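The values are calculated or read from the model by the stated rules, or taken from the named source; none is laboratory data. Treat the numbers as computed from the prediction; the structure is a model and nothing was measured. Here the Cβ positions follow ideal geometry from the backbone for every residue, glycine too, while neighbour counts run over all protein chains shown.
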Amino acid sequence: MSLTFTLDGKTIPFVDGETIIQAAGKAGVFIPHLCYHPEFKPHGSCKLCTVKVNGRHTASCTMRAMPGMVVESDTEEINAERRALTQMLFVEGNHFCPSCEKSGNCQLQATAYHLGMMSPHYDHFFPNRPVDATHPDVLLDFNRCILCSLCVRASRDVDGKNVFALSGRGIKTHLIVNAKSGKLGDTNFALADKAAQVCPVGVILKKRQGFAVPIGERKYDKAPISEAVTEGK
Amino acid sequence: MTYQLETAQHPETLRRVAIDPVSRVEGHGKVTILLDDQNKVHQVRLHIVEFRGFEKFIQGRPYWEVPVMVQRLCGICPVSHHLAASKALDVIVGAKKLTPAAEKLRRLMHYGQMLQSHALHFFHLCSPDLLFGFDSDVTQRNIVGVAMAHPETAKRGVLLRKFGQEVIRVTAGKRVHGTGAVPGGVNKSLTIAERDELLKDIYHIVQWSREAVKLIQKVHTQDPGLYNSFGIFRSNFMSLVGHNGDLDFYHGTLRARDDNGKLIFDHLDYQNYDQVIEEEVRPWSYMKFPFIRSIGKEHGWYKVGPLARVQNCNQISTPFAEHERKEFVDYAGGTPMHAPLAYHWTRMIEMLHAAEVIKELLHDDDLLSSDLMVEGERQMEGVGVIEAPRGTLFHHYQVDENDVITMANLIVSTTNNNQAMNEAIRHVARRYLHGREITEGLLNHIEVAIRAFDPCLSCATHALGKMPLEVELVDAEGGLVHSLSRS
Ligand code: SF4
Ligand code: FES
């Protein structure tokens, strides 16, 4: 007998061991997320994927699906919470979409659009985070890091290099580069690494590429993130 | 060095009038006037709050981001900054010569910008003064008044501007904060549909531009007493000129003439602009005062923009605009015209030229090409110069071996005109305000002189026609004597 749960009233099949977000993705139902990536172990940190299971909040990227679960996701209440989380991410870093080269390919921006975020709402922190341009092929612009740890996981689990790590606690958490100098140019990081491809925002960037692809012809210009993601990435 | 009326002898005994902010100019400007008990004018200064912080802000940023980022400098002519930065970065990436398609697409974008900016300035911001008079009823002296009294003129103003914005949209990708130009070329060409859409309208855009020249020519020549002398001062003038000395807004070499039209320098490669131009800092103003080194601070300042360009070039390459240029030069009588209000006439000649060039470009199939990018040997330093709607615009960058900007210097058009605008308003203050009871109409005369230069004061936007004007007469201790305001 196949296993199922309901998500916003829809019956979703799953196999044992799958998380809610995995099963939903397979069934073509989008649940907003930032730190989740189907190819990596879940991190459960951004909380964008929060749903209500039998009335209680939980992260759908870490929660295993169980038969008969009643899951709510696309509700006014939950989306309002997701919107607030997104707004906090916008003010914590320096995100200026009109001059960001990731604009149109950025999951944070696309998620903000998806959630109908009209403004950052909170006061900006305006942190001072200089870029690391020491690597010949890749630029790190820490201004936009949302601490999803995808690069950490990709570098460690796929590339076997451990180039990145999250350091500090709470609001002081930040991304560091594992080199004595702390500079990317002093690691064995390479443009072909998986870790160079996974950043959902505009931190890890191929150098000298910039605006080669016009705004208007980019990933989320063509389809909103809800479609772009469920169609498989 | 002190200029007449720049600094009063005993400011502590004088009353102060501030026009803050100046209305119908783009951005934030303020004029202060010091008067004595008999309303005699002792000091007049135009203060411009310029966003110099920007040069600091882009230090440490990767160079390829700059053409998009610099557009934040200015909500009205972002395309000028976009292109001037791109030209500087062409030098950095070693793109000595762009592909024909890239150069033409950028030129199209720029001339679209010229058209929309000149149309905006003339029809929305200045036609109220020119059509109704400088001290006409203030409730009528705005674009709404023009729309009521001259509906056809107002409508054309709107459509000319819209067309220019459309040209920008298809070349830059967006109407504001476009990304079309990238170091070494452009990232998109035109589709056939986009081109055909523009071709549909361009012929009447050219025709309306011709009529706009005639309109301002008539206004000017009907009242030579006013138009040839209002706010007049003599100065050097400077601009880029293209091949064979053609009027060229996108590319060329630097040429400067003295007040009699004699060449000061010519054919100057703008990579070396800092050998001929220096910027002076004065304690009372945030905006610097550039001057031509060989002449010195005192007399080396100059004007830029339409009046400088149209008189600096040898000829204009398009027939209708060239015809109008000749009429203008004939009217001036063989010597350079220095009257600030002649900016309007020359601005409309330029708008006509922009429309004609757009028409020519739209018939060029290079616009549809996919050959858009070149690169070459990487350089550490580059200068990009463009003739923006308001005048010569300089962008200068140094980039380190990690591709990060280490130095930026910008001289914007309005800075180039800084001393010139100050001179114009001092002349007006002396001629119209001196010894009289200050009224709103009289103060508007000051603004008319500033607006002739089309300053883009802090390069910030505001809702058009909504900018409030506050005038305060304050005594020497700062106490309010009298205030006038409009909104
Ligand atoms: S650099 Fe990108 S991938 Fe790495 S933690 Fe920051 S946001 Fe995530
Ligand atoms: S996607 Fe689940 S917590 Fe980030």
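Every residue in the stretch A:33-58 that is more than 16 Å from ligand 1 (Cβ to nearest atom) and out of contact with any strand residue (DSSP E or B) (no Cβ under 6 Å at 6 or more places or on another chain), please. Listed by number, the residues that qualify are A:G55, A:R56, A:T58.
Identify all residues within the stretch A:140-155 that are away from ligand 2 (no atom under 16 Å from the Cβ), closer than 25 Å to A:P38 by Cα and not small (G, A, S); write none if there are none. Result: A:L140, A:D141, A:F142, A:R144.
Quickly run through the stretch B:338-367 and pick out the residues that are free of Cβ contacts under 8 Å to residues at least 60 places away in the same chain and within 18 Å of the chain's Cα centre (by Cα). Selection gives B:T346 alone. Among the residues in the stretch A:67-82, are any out of contact with any Asp or Glu (no Cβ under 8 Å at 6 or more places or on another chain), under 30 Å from B:K174 (Cα atoms) and within 14 Å of another protein chain (Cβ to nearest Cβ)? Scanning the stretch A:67-82 turns up no residue that is out of contact with any Asp or Glu (no Cβ under 8 Å at 6 or more places or on another chain), under 30 Å from B:K174 (Cα atoms) and within 14 Å of another protein chain (Cβ to nearest Cβ). Only residues that are more than 10 Å from chain B (Cβ to nearest Cβ), in contact with a Gly (Cβ under 8 Å, 6 or more places away or on another chain) and not in a helix (DSSP H, G or I): list them for the stretch A:133-155, please. Within the stretch A:133-155, A:C145, A:I146 meet the criteria.
Selection of strands (runs of 3 or more DSSP E) fully inside the stretch A:1-113 by the criterion of at least 1 residues being within 16 Å of ligand 2 (Cβ to nearest atom) returns A:3-7, A:50-53, A:56-59, A:70-72. Inspection of the stretch B:401-422 finds a residue satisfying the criterion of being at pLDDT 90 or above and among the charged types (D, E, K, R).
The single condition among (1) modelled with pLDDT of 90 or more; (2) charged (D, E, K, R); (3) part of a loop (DSSP other than H, G, I, E, B) that A:K233 does not meet is (1).
When only residues in the stretch A:176-202 that are touching a Leu at 6+ places or on another chain (Cβ under 7 Å) and more than 16 Å from ligand 2 (Cβ to nearest atom) count, which is nearest to B:M373 (Cα to Cα)? It comes out as A:L184. Taking (1) within 15 Å of ligand 1 (Cβ to nearest atom); (2) more than 29 Å from B:G173 (Cβ to Cβ) in turn, A:D123 satisfies each apart from (1). In the stretch A:193-212, the residue that is farthest from the other protein chains (Cβ to nearest Cβ) out of those that are of a type in the set (K, R) and not in a strand (DSSP E or B) is A:K194. Being outside any loop (DSSP other than H, G, I, E, B), within 14 Å of chain A (Cβ to nearest Cβ) and among the polar types (S, T, N, Q) is not true of B:T153.
The condition (being more than 16 Å from ligand 2 (Cβ to nearest atom), within 14 Å of chain B (Cβ to nearest Cβ) and either in contact with a Lys or Arg (Cβ under 7 Å, 6 or more places away or on another chain) or under 20 Å from A:P200 (Cα atoms) (or both)) is satisfied by just one residue among A:P120, A:P130: A:P130. Only residues that are more than 8 Å from every other protein chain (Cβ to nearest Cβ), surrounded by fewer than 22 Cβ atoms within 10 Å (Cβ to Cβ) and modelled with pLDDT of 85 or more were counted across the stretch B:59-82, and they come to 1.
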